[in-house]
Amino acid sequence: MKSKSRQVAMGGVFVALTVLALLAVSYIPNSKLFFYGLSSLFVSFVVVDLGIRAGWIFYLASSLLSLLLVANKLLVIPYLAFFGLYGLVKYYLEYMKKPVLEYLLKGCFCAISQAALYLVFTRLFAQNIESQIPIYYLFFILLIAFFAYDYLYTRFLSFYIYSFRKKSG
């Protein structure tokens, strides 16, 4: 078992990395999706190493710190509504050990998150989202992209578990 100080230090390092990834979203605009995806991995690392309760605490801490440190608060909203939560949702859904239901519920989470983000940006913040493609087609494209994201997320999480976790104890 890891000591409390080591657990706190590990959580702190991952919170710092999450905030750095979200700051990078602000300063490197051509790589937004990459840095959002990167920021979402750290919550799963915490869940794997320290448990689901620590994962929720991590999500709250990284969300609050990001809101304090990232100048453009609108750029933190996707982390709050989707990317930060995804590692926690993934944990609960994959714990069921029913793959068909897992993918169905993951798709529902994606759809609900994307709809909520769309409504927040268009209604609450009056941001105009323009696209040459009709919005309902974009929904399906995002769903396909989401399942590719989930696959890559699982690969990176497996790499972390088998490469770093065994070495750290």
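Kindly state which helices (runs of 4 or more DSSP H) lie completely within the stretch 31-98 and contain at least 1 residues that are within 17 Å of residue 146 (Cβ to Cβ), free of Cβ contacts under 8 Å to residues at least 40 places away in the same chain and not acidic (Asp, Glu).
Values: elements: 32-50, 52-69, 84-95.
Counting at least 1 such residues, we get 32-50, 84-95.
In the stretch 119-146, the residues that are assigned to a helix (DSSP H, G or I) reach residues that are of a type in the set (S, T, N, Q) and modelled with pLDDT of 80 or more with C-beta atoms within less than 8 angstrom, at least six apart or across chains, in these pairs: 139/114; 142/114. Looking across 69, 88, 64, one residue alone is closer than 23 Å to residue 111 by Cβ and either of a type in the set (A, V, I, L, M, F, W, C) or out of contact with any Leu (no Cβ under 7 Å at 6 or more places or on another chain) (or both). It is 88.
When the stretch 82-103 is limited to residues that are of a type in the set (A, V, I, L, M, F, W, C) and surrounded by 13 or more Cβ atoms within 10 Å (Cβ to Cβ), the one that is nearest to the chain's Cα centre (by Cα) turns out to be 83. All told, residue 117 falls short of being farther than 17 Å from residue 32 by Cβ and surrounded by 10 or more Cβ atoms within 10 Å (Cβ to Cβ). Among the residues of the stretch 121-144, is there at least one that is farther than 26 Å from residue 38 by Cβ, surrounded by 12 or more Cβ atoms within 10 Å (Cβ to Cβ), modelled with pLDDT under 95 and not charged (D, E, K, R)? Checked against the condition, which is being farther than 26 Å from residue 38 by Cβ, surrounded by 12 or more Cβ atoms within 10 Å (Cβ to Cβ), modelled with pLDDT under 95 and not charged (D, E, K, R), the stretch 121-144 yields at least one hit. Only residues that are over 18 Å from residue 90 (Cβ atoms), among the aromatic types (Phe, Trp, Tyr) and touching a helix residue (DSSP H, G or I) at 6+ places or on another chain (Cβ under 7 Å) were counted in the stretch 102-138, giving 1.
For the stretch 21-36, what are the residues that are closer than 24 Å to residue 91 by Cα and surrounded by fewer than 17 Cβ atoms within 10 Å (Cβ to Cβ)? Talk me through it step by step, then tell me what you get.
From the stretch 21-36, those closer than 24 Å to residue 91 by Cα are 21-22, 33-36; that's our starting set.
Across the stretch 21-36, the qualifying residues are 33, 34.
Here's the yes/no breakdown for (1) among the hydroxyl-bearing types (Ser, Thr, Tyr); (2) under 30 Å from residue 5 (Cβ atoms):
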position: 48; (1), (2): no, yes
position: 53; (1), (2): no, yes
position: 74; (1), (2): no, no
position: 84; (1), (2): no, yes
position: 95; (1), (2): yes, yes
position: 113; (1), (2): yes, no
position: 143; (1), (2): no, no
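Scanning the stretch 1-20 for residues that are over 19 Å from the mean Cα position of the chain (by Cα), assigned to a helix (DSSP H, G or I) and either touching a residue at least 24 places away in the same chain (Cβ under 8 Å) or surrounded by 18 or more Cβ atoms within 10 Å (Cβ to Cβ) (or both) yields a total of 1. State whether the residues of the stretch 104-113 include one that is surrounded by fewer than 18 Cβ atoms within 10 Å (Cβ to Cβ), assigned to a helix (DSSP H, G or I) and of a type in the set (Lys, Arg). Within the stretch 104-113, none of the residues are surrounded by fewer than 18 Cβ atoms within 10 Å (Cβ to Cβ), assigned to a helix (DSSP H, G or I) and of a type in the set (Lys, Arg). Would you pick out the residues in the stretch 87-146 that are over 30 Å from residue 50 (Cα atoms) and of a type in the set (Lys, Arg)? Scanning the stretch 87-146 gives a single hit, 123.
The values are calculated or read from the model by the stated rules, or taken from the named source; none is laboratory data. Just so it is clear, the model here is predicted, and its values are computed rather than measured. Note that each Cβ is placed from the backbone with ideal geometry, even for glycine, and that neighbours are counted across all protein chains shown.
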